[in-house]
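Notes to accompany the following structure.
The values are calculated or read from the model by the stated rules, or taken from the named source; none is laboratory data. Since the model is a prediction, treat every value here as computed from it, not as a measurement. Because the Cβ atoms are built from the backbone with ideal geometry, glycine has one as well, and the counts that use them run over all protein chains shown. Keep in mind that these areas ignore ligands, DNA and RNA; they rest on the heavy atoms of the full protein, side chains included. Shrake-Rupley method; radii C 1.70, N 1.55, O 1.52, S 1.80 Å.
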Amino acid sequence: MYELLKKDGSAKRGRFHTPHGAIETPVFMNVGTAAAIKGAVSAPDLMEIGCQVELSNTYHLHLRPGDEVVYQMGGLQRFMNWERPILTDSGGFQVFSLAALRKIKEEGVHFRSHIDGHKIFMGPEESMQIQSNLASTIAMAFDECPPIPASREYVEKSVARTTRWLARCQAEMARLNQQERTINKRQLLFGINQGGIYADIRIEHAKQISQMELDGYAIGGLAVGETHAEMYEILEKTVPYLPLEKPTYLMGVGTPENILEAVERGVDFFDCVYPSRNGRHGHVYTNQGKLNLFNAQYETDDRPIEEGCGCPACRKHSRSYIRHLLKAKEMLGMRLCVLHNLYFYNTMMAEIRQAIEAGEFLSYKRKKQDNFQRGGSF
RNA sequence: GGAGGGGUUCCCGAGCGGCCAAAGGGGGCAGACUGUAAAUCUGUUGCUUUAUGCUUCGAUGGUUCGAAUCCGUCUCCCUCCA
């Protein structure tokens, strides 16, 4: 159940109650595709850096270790020692990212495993069954994330199919939640809005799925090739057609800048691989912009990544040391950067919540953006 | 003392008369990454006034229209024999 605590312009401060605890929104979900945040980050680490929701992936866990294994081990939460909410993405993004390895049909998607090439079929029912086995808090509907650019004709056809798939997801989820063997019988389901950069398709689709009584609504298929301006425009036009009394989730986004812009337009949930992937690649976030710790200028820089930051990296280590670890390919270097970046994101989300509560979101956003731009933007 | 092998651009290492400023690694420098096929990928890495330019393949002298590549001498390293 979503509780709207405060509105500041279109920005929402909310609380999403789940069987696994409440989520304070706006929130950034920390991405751990294969039931692990890449970079040797453990569940206790996530607690320490302020993570509220962990995100894992249906397709990847289905392949390895297999959702039946996770089911036998008591579900994802028990498997990875994480008591707070988990959201599982449906495999819909893999329809996009593994485009070379799949074929889309009305019944679902035929994949060839990226690991060993074997054939896998995943349709709405299969995705729901896998997610039920994983026993995540929130399951995502199985959709197609079409690329941008894509023709209007293609997007229309794809969105219509995604809508049909959504109805099948909903029916299957209802069935699974009543099964005796189901671990989480109150698993929630979010639908996903698509439509590329065609605002009218987006709006029409948003209206349709809004009538379907889902637990939350996501906007997918953005940040896959369009400009930032186009993304913001789509958000501005689409979010108003999604239910205010339900959480809105902008999938796969984004930079701190993107998040500020999207919160302003009413988005509650975010996730993105940036903080973890960039961390592994030595790019770290600060309030003065992004630093590439591989750069020679940090060779003897004795300062922490960011002065005053409370993360495990900044409390104890210098840029110089972390740069050395990264260059020496020591796992600790990546780990510290990932911890810092996730801490940075989670902290920024907490500040955003506070700013909305205080009715000062816009001035907070402006201040933040000014700071970012001073050191080169994200 | 004798016999043989070798010294190539930051490092390792290919090249063995012109297409060589010199393959390929590594290292260095920089860039990309948005529901993670990513601890990955890309670019760049002698100098400058960017040119039918200059310097460079242990040193030096030669042969040749032309040499990292052929020859002489020197020098250093490695292996084996005494």
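Scan the range A:57-71 and give yes if some residue there is more than 18 Å from A:I192 (Cβ to Cβ), assigned to a helix (DSSP H, G or I), touching a residue at least 40 places away in the same chain (Cβ under 8 Å) and in contact with a Ser or Thr (Cβ under 7 Å, 6 or more places away or on another chain), otherwise no.
Yes, the range A:57-71 contains a residue that is more than 18 Å from A:I192 (Cβ to Cβ), assigned to a helix (DSSP H, G or I), touching a residue at least 40 places away in the same chain (Cβ under 8 Å) and in contact with a Ser or Thr (Cβ under 7 Å, 6 or more places away or on another chain).
Can you tell me how many residues within the range A:203-229 are of a type in the set (A, V, I, L, M), surrounded by 23 or more Cβ atoms within 10 Å (Cβ to Cβ) and not in a helix (DSSP H, G or I)?
Here the count works out to 3.
Just to be sure, is A:C169 in contact (Cβ under 8 Å) with a residue 24 or more places away in the chain, touching a Pro at 6+ places or on another chain (Cβ under 6 Å) and among the hydrophobic types (A, V, I, L, M, F, W, C)?
yes
Look at the range A:174-202 and say how many of its residues are within 23 Å of A:E156 (Cβ to Cβ), of a type outside the set (S, T, N, Q) and open to solvent by less than 30 Å² (accessible area, probe 1.4 Å).
The qualifying residues number 8.
Inspect the range A:306-320 for any residue being within 14 Å of RNA strand B (Cβ to nearest atom), surrounded by fewer than 22 Cβ atoms within 10 Å (Cβ to Cβ), on the phi < 0 side of the Ramachandran plot and not small (G, A, S) and give the result as yes or no.
Looking through the range A:306-320, none of the residues is within 14 Å of RNA strand B (Cβ to nearest atom), surrounded by fewer than 22 Cβ atoms within 10 Å (Cβ to Cβ), on the phi < 0 side of the Ramachandran plot and not small (G, A, S).
Quick check on the range A:263-278. Is at least one of its residues within 12 Å of RNA strand B (Cβ to nearest atom), open to solvent by 10 Å² or more (accessible area, probe 1.4 Å) and over 23 Å from A:G196 (Cβ atoms)?
There is at least one residue in the range A:263-278 that is within 12 Å of RNA strand B (Cβ to nearest atom), open to solvent by 10 Å² or more (accessible area, probe 1.4 Å) and over 23 Å from A:G196 (Cβ atoms).
Of everything in the range A:233-291, what is more than 18 Å from A:M349 (Cα to Cα) and not in a helix (DSSP H, G or I)? Give them in sequence order.
A:L242, A:P243, A:L244, A:E245, A:K246, A:H281, A:G282, A:H283, A:L291
I want to confirm something. Restricting to the range A:98-145 and keeping residues that are assigned to a helix (DSSP H, G or I) and open to solvent by 60 Å² or more (accessible area, probe 1.4 Å), which single residue is farthest from A:Q187 (Cα to Cα)?
Applying the first criterion (assigned to a helix (DSSP H, G or I)) to the range A:98-145 yields A:99-101, A:124-134.
Restricting the remaining residues to those that are open to solvent by 60 Å² or more (accessible area, probe 1.4 Å) gives A:100, A:129.
Details: A:A100: 32, A:Q129: 11 Å.
Going through the qualifying residues, I end up with A:A100.
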